[in-house]
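K.L.:
First the structure, then my questions, so here it is.
The values are calculated or read from the model by the stated rules, or taken from the named source; none is laboratory data. All values derive from a computational prediction rather than experimental measurement. Note that we place each Cβ from the backbone using ideal geometry, even for glycine, and neighbour counts take in every protein chain shown. Only protein heavy atoms, including side chains, enter the accessible area calculation; ligands, DNA and RNA are left aside. Shrake-Rupley method; radii C 1.70, N 1.55, O 1.52, S 1.80 Å.
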Amino acid sequence: MRTNPSNGTIELKGLLGGLGSDDGAPEAISGLVKGLGIRALTSCGVLEAMSDKLANDKTKEGKGAEAGCNLFGALVGTLGVHFEPFGVPMLGQVIACYDHKAPTVREAAITAATSLVSSVNPNAVRLVLPALFGGMKAKGFREKCGALTLLADRTASINRYGYKGYQQGCFQRNGKKTVPGCLGNGKDRKSVV
C-alpha cells in the first residue's frame with residue numbers, strides 16, 4: 001500500500017523537526033523517503049536537516065550529531081546506491097564527527113561512514129577519496145585515524161570485486177621473467193599507469 005504523497009510529506013517534515021529527540025526517527029525518515037521517492041531528499045529538506053544536525057551540534061551529549069549520523073546510515077542502508085550522489089558529498093561532515101566528545105556520536109559516525117564507504121560502487125571510489133584525504137588533514141587524531149581506517153577497509157575490499165590489476169600492476173613482463181616495474185632504485189624504476 002503506497003502512502004499518500006501529501007500525508008507522507010507532512011509526516012516526514014514532522015519527523016525532521018524532532019530528529020534529535022526521537023530514537024526511531026532515522027529509520028522512519030528513511031522508510032518515508034523510500035516510499036515517497038528519492039526526490040523527497042531535496043524537496044522535503046532531509047539533506048538540509050541532516051547537514052545542519054551534523055555541522056551545528058555543539059552540545060556535550062551530541063544528540064543532534066548522533067541523530068544526523070544515524071539518519072545517514074539509515075539512508076545508506078535503505079536507499080543503497082541511490083543515496084551515493086547525495087551521501088558522498090556529506091561524507092566529510094560524517095568523518096568530522098569522529099572527533100566529537102561523546103562516544104555515542106563517534107560510534108554512530110563510524111557506523112555511518114563505514115556503511116557508505118563499503119557500499120560505494122568500485123568505479124565511484126575516486127569520488128570518496130577527497131573526503132578521506134580531507135579527514136587525514138584534520139587536526140584531531142580520531143578523525144585522521146578514522147579516515148585512514150576507512151581507506152584501508154576500502155582498499156582491502158578491492159579484491160572482492162575482482163580488481164587484480166592493482167596487485168599485478170607493479171610488475172612487467174620482460175622476456176621470460178617478471179621484473180618489478182615500480183620498485184627498485186631510481187635508475188631502473190618504471191612508472192606503471
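K.L.:
If you rank SER118, SER21, SER30, SER43 by how much accessible surface each has, with a 1.4 Å probe, what is the order from largest down?
P.N.:
Details: SER118 55, SER21 100, SER30 5, SER43 80 Å².
Putting SER118, SER21, SER30, SER43 in descending order of accessible area: SER21, SER43, SER118, SER30.
K.L.:
Among 22-28, 106-112, how do they line up by average Cβ neighbours within 10 Å per residue, starting with the highest?
P.N.:
106-112, 22-28
K.L.:
Let me ask something else. What number of lysine-lysine pairs in the stretch 1-111 show an alpha-carbon separation below 22 angstrom, given a sequence spacing of 8 or more or placement on distinct chains?
P.N.:
Number of lysine pairs found: 9.
K.L.:
Within the stretch 70-92, whose backbone N sits under 16 Å from a point 7 Å along Cα→Cβ of ILE38?
P.N.:
Inside the label zone: 75-90.
K.L.:
Sketch the reach of a paramagnetic label on ASN56 as a point 7 Å from Cα along Cα-to-Cβ, and name the residues of the stretch 10-32 whose backbone nitrogen lies under 20 Å away.
P.N.:
12-22, 26
K.L.:
Sticking with this one: Once fully extended, how much extra length lies between ASP153 and PHE141, figured as 0.36 nm per residue of separation less the alpha-carbon to alpha-carbon distance? Walk me through the numbers on the way to the answer.
P.N.:
Working: separation 12, 0.36 × 12 = 4.32 nm, distance 1.80 nm.
Extending this stretch completely gives an extra 2.5 nm.
K.L.:
Also, quick follow-up: Using a 1.4 angstrom probe, figure out how much accessible area the stretch 1-127 has per residue, in square angstrom, rounded to the nearest whole.
P.N.:
That works out to 50 Å² for each residue.
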